[in-house]
Amino acid sequence: MKRFLFTLLSFFIIFFLLEKASWYFINKAPEKEHDRRLEKIVAGSFNKDLIIIGSSRGVNNILACQLEDETGLSSYNLSYKGVDILFQLFILETYLKFNPSPKKVLLLLDHKHTFAKGNPLFFRDDLLFPFSKYNYINNKLIARGKRNYGSKIFGLLRLNRKDFSTKKKKVLPNEVLTDCGSMPNPIKRPITLEYQDEKLIYQVNNENPKKIEAFKAIQKLCQTNNIKLITVFPPNYKAFDFGFMKRFNQLNNSENSVIIYDTLNPIYKNESIYFDESHLIRDGAKIFTSEISEFINSNK
Amino acid sequence: MYFNSLDFALFLPIVFILYWFVTNKNLKLQNALLVVASYVFYGWWDWRFLSLIVFSSLVDYTIGLQLNHTAQPSKRKLLLWSSILVNLGFLGFFKYYNFFIDSFVEAFSFFGSPIQPNTLDIILPVGISFYTFQTLSYTIDVYKRKLEPTRDIVSFFAFVSFFPQLVAGPIERATHLLPQFYKKRKFHYSQAVDGCRQILWGFFKKVVIADNCAEYANQIFNNSAEHSGSTLLMGALFFTFQIYGDFSGYSDIAIGTSRLFGFDLKQNFAFPYFSRDIAEFWRRWHISLSTWFRDYLYIPLGGSQGGTWMKVRNTFIIFLVSGFWHGANWTFIIWGFLNALYFLPLLLAKRNRTHLNVVAQDSKLPSIIELVQMGLTFGLTVIAWVFFRAESVTHAVTYLKGLFSSSLLSLPTIRPTNLLVLILFFIGIEWIGRRQHYAIEVLLLKQSRVIRWAFYMIIIAIIFVFSSDNQQEFIYFQF
């Protein structure tokens, strides 16, 4: 028995020491990423007056540099494609933990998808994986059940198969990060869009209670940190969703500002400014960003 | 508690230490520890399931003793049937109740008399199919006077609930496992090291091969209508390796863990994908279940003793029952039926016991004929697995139609290179170790410790990296 335990212990001590080599790959993983905004947040590299959080509507439709020029407020876009409000809450929490509080937060809403169950928006763990060298990120992955507790000790448990690849990740034309964190769509998608004019019915029973809680938590975080929260309804190539608006009003604290795109402006019914039915191209984003700047300037 | 969980990583060393350092001087105490540990292991899923296993153990323990006291054949038969009814009754209720209700409703609707279904919200207790068969084997063997009933209740309870093999086998026979609880176990260095090696290989099969194949198999099977024939073929192949890696991996971990406690469990998989015909495949796949059906169903039905018709009938019965054992779904029954069909020509030609040895026994590589035989057998099993994996019979049929379409010759859209390389590595190691109980049993044993340890460490490193990507439950837990 003594021999067995000694052999086993020796084996694991040697393994434990050798596996530390995995930190080479863990440290290299972020370098393969085009989008390293999350790393900058955790490293505390920001000190902005205004940040934008949201999903692809946020990252595509708002040009943070233009906003900065027009309002004089230093701005940065921290929206991510395909993420839900739980992820947006995580971004805000992380930002506030490692960086000075901004004066304003723009929260881009996803209309009926904002609080809905299931797809198409979700908590994108894949955005966290490359940055698991940071204990904060790794702990978040553990809490979400995407890593096990062993990853606190073993570097190998922080790695993914993809981390062994030496290639840089492919960047699509609409994923090119601009200086202020936005990713405008350069051209329209080669499809014909049809304007959807029908009245939408909002279904409360299709809501995910965790997403409702996340929205409340965002409001509370802003309140405690003295941040002006501005929720934004971006344009879609379809009729305005009054059903969602009604529901939103029930959940929104009246102290927060709300920006709704100018529904009477005919430009938002012009197909040429859209990438697809819910995302603008750069020209459309310029128009929408100006509208937001105007609102901020008039409410300073 | 799953083998591939942190809970088990803590549970195993604790039980190991208590077993060899605290209770080692007293056999009864050691067995009692195993019972407690097994109940903790099992209750980790849902403590309510414990009542079932305790009740089942009590019934068979009592009936075993009663059988010993009774010489009267009719009374003995009654006792045997009581045990069968209780055990299969639980199994039938928890596993098949809703299936039968749904099937009746469908049948009535088909004949134009729709009725309201009265299904129940039943949770299938983990491992019920496995321990039910294990306890049944005890009672049947006592009835047949092949085994003396035990008076040692602790040993009997430990035999029924022995945690390494409780939830997914191997299904042990009382004649083999129970006597091991009567004797004092001694710690053997070589046995323990061998156990660790088998556990390691089991984890590799499960975490690296099965879980990663599952990711792609699920992706393809869940959207099968959208994929080309070649991609559907990839999906079927991924599932073929998933089910093997998952189930044989579990068996390896179970057998290896038992060896750490001084127990010997029977081999459950003997490299089935290297079989040269379906009969050989079934001698090598889930051996503990196949032999259970052979001994407790096929032989009592007359086995191969009668004429051709009886042999064919009995073969179909055991394959259909085996399919049904896997789950309450027509897909499993058709999977069993298909295997019986594959088996039929061999049975009729009396060639079902042609390949009793290991393929390429005396050479490193198979002959061309063996290669063709293995390829054909493998191909047939891949087709059968489609039924096993599909959501419904219609799904399986459309999947196979799509697979055998003209797009079979196109390039698959899903072809993960890393995984394909790992599968080839896996097949290579399994081929090298095909004469052993598990692939790495003697691999590199003649090499220096540095080389052996380097190999084991690489395997652990691969397991670690792959385990962080996606973890899946063991497939056979649902059976």
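One table, with the values for the structure above:
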quantity	calculated
Single residue of the range A:193-223 satisfying the filter (of a type in the set (D, E) and within 28 Å of A:I273 (Cβ to Cβ)) that is surrounded by the most Cβ atoms within 10 Å (Cβ to Cβ)	A:E194
Any hit, the range A:86-93, residues being of a type in the set (F, W, Y), farther than 23 Å from A:N174 by Cβ and under 12 Å from the mean Cα position of the chain (by Cα)	yes
Test result for B:R173, surrounded by fewer than 24 Cβ atoms within 10 Å (Cβ to Cβ), more than 20 Å from the chain's Cα centre (by Cα) and modelled with pLDDT under 95	no
Count of residues meeting criterion [surrounded by 15 or more Cβ atoms within 10 Å (Cβ to Cβ), away from chain B (no Cβ under 11 Å) and outside any helix (DSSP H, G or I)] in the range A:145-177	1
Flag for B:L67 being surrounded by 15 or more Cβ atoms within 10 Å (Cβ to Cβ) and in the same structural domain as B:V167 (by TED's automatic domain parsing)	yes
Single residue of the range B:21-36 satisfying the filter (over 27 Å from the mean Cα position of the chain (by Cα) and not charged (D, E, K, R)) that is nearest to B:F163 (Cα to Cα)	B:Q30
Counted residues, the range B:342-398 - those being in the same structural domain as B:E430 (by TED's automatic domain parsing) and assigned to a helix (DSSP H, G or I)	28
Entirely in the range A:25-115, the helices (runs of 4 or more DSSP H) that have 3 or more residues that are closer than 17 Å to A:L221 by Cβ	A:85-98
Matching entry among B:V208, B:V193, B:V126, B:V142 (being under 26 Å from B:N24 (Cα atoms) and of a type in the set (A, V, I, L, M))	B:V193
Matching option when the condition is in contact with a strand residue (DSSP E or B) (Cβ under 9 Å, 6 or more places away or on another chain), within 30 Å of B:V207 (Cβ to Cβ) and away from chain B (no Cβ under 14 Å), among A:V83, A:V105	A:V83
Pairs with Cβ under 7 Å, 6+ apart, first in the range B:171-196 and more than 14 Å from chain A (Cβ to nearest Cβ), second of a type in the set (K, R) and in a loop (DSSP other than H, G, I, E, B)	B:E172/B:K266; B:T175/B:K146; B:H176/B:K266
Contacts under 6 angstrom Cβ, first residue in the range A:261-288 being touching a residue at least 60 places away in the same chain (Cβ under 8 Å) and under 13 Å from A:K238 (Cα atoms), partner surrounded by 14 or more Cβ atoms within 10 Å (Cβ to Cβ) and of a type in the set (D, E, K, R), 6 or more apart	A:D276/A:R189
Which numbered condition A:L108 fails, given (1) touching a Phe, Trp or Tyr at 6+ places or on another chain (Cβ under 9 Å); (2) of a type in the set (A, V, I, L, M, F, W, C); (3) without any contact (Cβ under 8 Å) to a residue 40 or more places away in the chain	(3)
Selection count where residues are charged (D, E, K, R), in a helix (DSSP H, G or I) and within 19 Å of B:V193 (Cβ to Cβ), scope the range B:225-281	2
Which numbered condition B:L85 misses (of (1) assigned to a helix (DSSP H, G or I); (2) at pLDDT 75 or above; (3) surrounded by 13 or more Cβ atoms within 10 Å (Cβ to Cβ))	(3)
Those residues of the range A:67-84 which are surrounded by 22 or more Cβ atoms within 10 Å (Cβ to Cβ) and within 19 Å of A:Y261 (Cα to Cα), in sequence order	A:L67, A:N77, A:S79
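Here is a yes/no grid of residues against (1) free of Cβ contacts under 8 Å to residues at least 24 places away in the same chain; (2) more than 26 Å from the chain's Cα centre (by Cα); (3) under 30 Å from B:I463 (Cα atoms):
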residue: B:A396; (1), (2), (3): no, no, no
residue: B:K401; (1), (2), (3): yes, yes, no
residue: B:L419; (1), (2), (3): no, no, yes
residue: B:F426; (1), (2), (3): no, no, yes
residue: B:W431; (1), (2), (3): no, no, yes
residue: B:R434; (1), (2), (3): no, no, yes
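The values are calculated or read from the model by the stated rules, or taken from the named source; none is laboratory data. These numbers were taken from a predicted model, which means no experiment stands behind them. Virtual Cβ from ideal backbone geometry, glycine too; neighbours counted across all protein chains shown.
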